Amino acid sequence: MAELIIISTLNGVLYGMLLFLMASGLTLIFSMMGVLNFAHASFYMLGAFLGFQISQWAGFIPAIILAPLIAGGLGALVERYGLRTVHKHGHVAELLFTFGLAFIIEEVIQMIWGKLAMDYRVPSFLDFSAFTIYATNYPAYKAFMLVFSIAIFIGLIFLLTRTRAGLIIQASLTHPNMVGMLGHNVPRVFMLVFGLGTSLAAIAGAIAGAAFVTQSNMAALLGPILFVVVVVGGLGSLWGAFVASLLIGLLQTFAIASDWSLSKFFGSYLSPTRGTILFDIWTVTIAQIGPILPYLLLVLVLIFRPTGLFGTRDT
Amino acid sequence: MKWQMPKKLLGLAAVGLVAGAGYLALPQKTEAQGAPIRIAYVDPLSGPMAGIGDTGLKNFQFILEEINAKGGANGRRLEIVPYDNKLNAQETIVQVQKAIDDGIRIITQGNGTSFAIAISEFVTKYNERNPGKEVVYLNYAAVDPILTNDKCSYWHFRWDANTEQKMAAITTFMKDRKNVKKVYLINQDYAFGHGVRDLAAKMVKEKRPDIEIVGNEVHPLAKVTDFAPYIAKIKASGADAVITGNWGSDFALLVKAAADAGLQIDWYTFYAGGTGGPTAMKQANLPNRIFAVGEGFANIPHKEAADFEKALRAKYGVSLFYPRGVNQMRMLAAAISQTKSDDPKAIAKALDGMKFQVFHGGEGYMRADDHQFMQPLYMASFGPIKADQPFDEEKTGWGWTIAGKIDLKDTLVQTSCKMNKPS
């Protein structure tokens, strides 16, 4: 049991940190545009495919550096030549723009790389087990992912709260006009924030793609959960995204490890007839409903605390 | 290091060259003529399971090209027309209706038992209401026994062995695997996965009462990206073998997570060979400890099958994941040639009970009682290919080795089907 708890905690934290890498960019972009970027998970996918391609040509280290840079650059271009133009027409137009962009990115990726899974592998120098807990190996690559994402998290906090650039960004997010008056180029700040946000997603993609499967459906699989993270954490709140990411990561992982069901609690007292709908509800385990728990959380948060855990503005 | 992007272009060029060369080399006179007989292929061509749908489509395209090159069906060409059902039941029926509206009266589908049941019921109803415009449904991969039992239909024909036959093969094979003491069941949370789970529990108990079932899990279909939590649970259960019906990305990701955790167990699978599976299995590094059941595998020594496999790989860059697809289409062509008609009513009558030499050799037949195709089955294990084995999978250097064969007579299962046959 202790083994399962430790492994599940590690898995949950890792999953949570990956979610955070993506959610942090998404929530930053939301603070800026006031609109959810539907294409955010697509940049995650783009990061994975670029990471794969560059690792084929130049090796893994250049891949995880260049892939986010290229994806971030593309993100910045999208902001500069796409969103900034669309912005004039209001939020709905922006929302639809990112919605369409998600499909375009997916289609382009399928045209270039096809619909099949890429053979994106963990680099050989990280392909060993870092340590063994009881009898389960914890792969060095996963430890690397964990350390790497924590380092980026700390770096991001440092950038936003301790540097001049960070102060300007924070100020631009909340008081763009005032910052503009002070002589800063606010549109450029927005462009850079969009580029930064998308490159964070691409980093997550580039390192997660090797650990899981790099395939043109990655964005669709992960996209919805990202929205849950930013809404639960509070739209626009970086700390909220961090806490919500870990919360959802741990929630999903521990749900899977659990075999509890209603019948386990009440099984000896009463039981509905086998074959009825009630029986299905009675015997469904928490593990089975694990994947929908985040969405349940989303619904509950929206009902009872619409601002999210750390949010300040209404959703 | 491989070059992925340019390879795609090269591949296109190669396809062009091969196609051109093939066209020149073919004896032109036997090439089928006239308006093609179209077959609608209704399967996922986008979304999570697109990889599987795409491989299937390429398989069928090649199978039909081969049939057409040898004169087609009754002298006419066969043509596959793709319809994307997006792995969605409602969309499946929409696409079948669309195919019928396009004038297609032969439907083939395989991925997803729940969609198969929907098609079978739809086609049956449609045929009752539209006499003279019947549609026939050729099922190449949806394996829920219910399709050839309680919900059987005269208009549904299945070429894949059903879950019961496959599980019987797996559990019979397990009789001699004395290292297996504790089995964990993990399956997809829908009709097919539930079927695998229930049959595994029942048959393991019958054939190896000493084996303990230490876990019984279902997870959502095509939604899990990281199976590490599931693997932790399997590990904690102390299992030494897993039985799973998982297919597509659900299998590849499951095995990949097992590889990461260093899970050293045996795997008994239905669809390990699907797109992405071989790559993940190579990473898991469990040589010849992952088994799959099927009607045929690439390295079975059979000259004609090996030539076919080689040509398919050269042209489309995919393996023959559906040897049963060859049986299906050749039998369809035979039915059309025999009856000299492309009318589904005549085709269904000819297929009903038809005997046929299967792709990897041996006799098979379409059982008239329930329209379940009966054929020999094989158990194969996945590991580094030996010198005399021509085929690896997904360029991993690993491939299939036959570990056991189940003769046709041992695959026969009872059916509760009471079929309404039109007179």
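The values are calculated or read from the model by the stated rules, or taken from the named source; none is laboratory data. The shown structure was predicted, so the numbers you read here are calculated from the model rather than taken from an experiment. Here the Cβ is made from the backbone with ideal geometry for all residues, glycine too, and neighbour counts use every protein chain on show. Ligands, DNA and RNA are stripped out before the accessible areas are found, and what is left, the full protein with its side chains, is counted by its heavy atoms. Shrake-Rupley method; radii C 1.70, N 1.55, O 1.52, S 1.80 Å.
Sort out the exposed loop chymotrypsin sites (Phe, Trp or Tyr not before Pro) in chain A (DSSP loop, at most 14 other Cβ within 10 Å) and tell me the longest stretch that has none. Show your work: numbers first, answer last.
Numbers: sites that count: A:PHE128, A:TYR134, A:TRP260, A:TYR269.
It runs A:1-127.
Please work out the average accessible area per residue across chain B, using the 1.4 Å probe convention, and give it in Å².
Values: 15910 Å² over 423 residues.
Heavy-atom SASA per residue in chain B reads 38 Å².
Applying the Karplus relation 6.51 cos²θ - 1.76 cosθ + 1.60 with θ = phi - 60° to the stretch A:103-109 yields 3J(HN,Hα) values of 5, 5, 4, 4, 5, 5, 4 Hz, where x marks Gly and Pro. Each DSSP beta bridge with both residues in the protein assembly as shown is either parallel or antiparallel, and the antiparallel ones are about 40%.
Over chain A, the pair-distance histogram of Cα-Cα distances with 10 Å bins from zero comes to 6, 24, 32, 23, 11, 4, 1, 0 percent, rounded to whole numbers. Counting Lys +1, Arg +1, Asp -1, Glu -1, what net charge surrounds A:MET191 among other residues with beta carbon under 14 Å of its beta carbon? Result for the neighbourhood of A:MET191: +2.
Rounded to the nearest 500, what is the 222 nm mean residue ellipticity of the protein assembly as shown from helices alone, with -39500 (n - 2.57) per DSSP H run of 4+ residues and division by all residues?
Result for the protein assembly as shown, helices only: -17500 deg cm²/dmol.
Can you compute the FRET efficiency between B:ASN88 and B:ALA403 using 1/(1 + (r/R0)^6), with r the Cβ-Cβ distance and R0 = 25 Å? Round to the nearest 0.05. So the FRET efficiency works out to roughly 0.10. Placing dummy labels 7 Å off each Cα toward the beta-carbon, the span from A:ALA93 to B:GLN357 is 6.9 nm.
If I take every Cα pair under 8 Å that is 6 or more residues apart in the stretch A:2-304, average their sequence separation and divide by the length, what percent do I get for the relative contact order? Walk me through the numbers before you get to the answer.
Values: 445 pairs, mean separation 104.9, N = 303.
The normalised contact order for the stretch A:2-304 reaches 35 percent.
Straight-line reach from B:LYS310: taking Cα to Cα under 22 Å and skipping same-chain neighbours fewer than 8 places apart, the lysines in range are B:LYS2, B:LYS7, B:LYS8, B:LYS58, B:LYS70, B:LYS282, B:LYS386, B:LYS395. Here the protein assembly as shown has an Rg and Dmax of 27.1, 88 Å, counting Cα atoms alone. Summary value for chain B: 16 percent relative contact order, contacts being C-alpha pairs under 8 angstrom separated by 6+ residues. When each of the peptides A:196-205, B:257-266 is scored by the mean number of other C-beta atoms lying within 10 Å of its residues, the order from highest to lowest reads A:196-205, B:257-266. Comparing Cα centroids, the stretch A:137-156 and the stretch A:45-119 end up 23 angstrom apart.
Of the beta bridges in chain B, as assigned by DSSP with both residues counted there, near 35 percent are antiparallel.
What does a probe at B:ALA368 reach in the stretch B:119-158, counting residues whose amide N is under 15 Å from the point 7 Å along Cα→Cβ? Only B:154 pass the distance filter.
Determine by what factor the alpha-carbon radius of gyration of the stretch B:364-423 differs from 2.2 N^0.38 Å, reporting the quotient.
Here the answer is 1.70, to two decimals.
Modelled spin labels at A:VAL108 and A:ILE65, positioned 7 Å past Cα toward Cβ, are 2.5 nm from each other. Sorting B:PHE321, B:PHE297, B:PHE373 by solvent-accessible area of protein heavy atoms yields B:PHE321, B:PHE297, B:PHE373, largest first, with a 1.4 Å probe. Rounded to the nearest whole Hz, the Karplus-based 3J(HN,Hα) values (6.51 cos²θ - 1.76 cosθ + 1.60, θ = phi - 60°) of the stretch B:179-191 follow the sequence 5, 7, 10, 10, 10, 10, 9, 10, 8, 7, 7, 7, 3, with x at glycine and proline. Could you name the aspartates and glutamates whose alpha carbon sits less than 17 Å from that of B:LYS178, not counting residues in the same chain fewer than 8 places away? B:LYS178 reaches B:GLU206, B:ASP210, B:GLU212, B:ASP240, B:ASP266. Residues in the stretch A:211-227 carry Karplus couplings, in order, of 7, 9, 10, 8, 8, 6, 9, 4, 5, 5, 6, 9, x, x, 5, 4, 5 Hz; the curve used is 6.51 cos²θ - 1.76 cosθ + 1.60 with θ = phi - 60°, and Gly or Pro positions show x.
Accessible surface of B:ILE106, taken over heavy atoms with a 1.4 Å probe and every protein chain present, rounds to 0 Å². Residues whose amide H falls under 5 Å from that of B:ILE290, counting only those 5 or more places apart or on a different chain, are B:TRP267, B:PHE382, with hydrogens built in the peptide plane. Close amide H pairs (under 5 Å, H built 1.01 Å from N) link B:ILE213 with B:VAL183, residues at least 5 positions away or on another chain. Under a GNM of chain A (C-alpha, springs under 10 Å), which listed residue has the highest mean-square fluctuation: A:ILE65, A:ILE303, A:ILE109? Its mean-square fluctuation being the largest, the pick is A:ILE303.
To the nearest 0.05, how large is the calculated FRET efficiency for A:ILE292 and B:LYS125 if R₀ is 41 Å and r is the Cβ-Cβ distance? Calculated value: 0.80. Between B:SER341 and A:THR283, the FRET efficiency estimated from the beta carbon spacing at R0 = 60 angstrom works out to 0.75.
Interface A/B, total buried accessible area with a 1.4 Å probe, nearest 100 Å²? Let's see the in-between values first.
Working: alone 15760 and 17670 Å², together 29930 Å².
Heavy-atom accessible area buried at this interface is about 3500 Å².
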